[in-house]
Amino acid sequence: MEKEPKKSVAERSPRRLPATAARGEDGPGGTAVSREARPGILRELGQEVKEQVRPDRGYLSIDYFTLFWLFMTGCVFGLVVETAYHAIVFGGYESRAGLVWGPFSPIYGVAAVVLTAFLNRFYHSHNLIVFLVSMVLGSIIEYSASLMMETLWGAVAWNYDGTFGSIHGRTNFAFGVMWGMLGLVWARTILPAIKHAFSHVNAKSVLVRVVTVALSAFMALDIVVTLLALDRESQRAAGTPAITWEQQFFDEHFPDSYLQAR
């Protein structure tokens, strides 16, 4: 049996590129030897903008636990801010709650969820962008809430006719600016505090789950009863008498005076 002929050192060694090619330097005549294409400056700038505007990961991890407690925080925080604003501007205390039970204003809870869902991707952007996004989103939320209440139940909770930048009396420029400021404070102050608080809470613990489920059930009941009470209020305004036990129940426990006070 013949043995395989021995190979020289040059034949055994892998073929290497010239040093200039390995370093990506120019070869003879000034022609680049490296085959690796360097990204252009525009592509690098575009990638940087993408990372700032739409980062790969948002500021908060979005799940039911996070959204629910953001909703609860927004309901209470918004009610406190609006109550204080009304006391300063108009004088005196007036209930600004939006549900029949508890210190909750659901429009701000919805706003907290919507603002967080959007600003979660704009958190690393400039403050002006955060302000403008919050201004537009808040105005849309306020306009939609006013339209829904008037269309479904004939209730006019606010009317900005005659003010600067009024849009059908449902929102205006001043309150749009307030929404923008609120969103900016929410993104720069409240969200970091919430994220810090969430870092100390084990969302998978039995106690936290029980509290979240129980409060979720209560809020669902609170919202349903509020909607039914508003529906019965519109029936009373139309002169519909209380015939069924449901109508009698709402007339007894949630009369017009109670709903108007809330």
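Computed quantities for the displayed model
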quantity	calculated
The range 54-169: radius of gyration and largest Cα-Cα distance (Dmax), Å	15.7, 47
Extension reserve of the residue 63-residue 256 stretch, reckoned as 0.36 nm per residue once the Cα distance is removed	65.7 nm
Size-normalised alpha-carbon gyration radius of the range 175-220, reference 2.2 N^0.38 Å	1.58
Cα gyration tensor, the range 164-262 - rounded (a/c under 1.5), prolate or oblate	oblate
Computed FRET value (nearest 0.05) for residue 237 with residue 144, which takes r as the C-beta separation and R₀ as 30 Å	0.85
Alpha-carbon centroids, the range 152-173 and the range 60-130: separation in whole Å	20
Contour minus Cα-Cα distance for residue 127 and residue 168 (0.36 nm per residue)	11.9 nm
For peptides 177-184, 148-155, sequence by mean Cβ density within 10 Å, most packed first	177-184, 148-155
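No lab work stands behind these numbers, since they all come straight from the coordinates. This structure is a prediction, so every number in the text was calculated from the model and none was measured. Glycine gets a Cβ as well: all are built from the backbone with ideal geometry, and neighbour counts include every protein chain shown.
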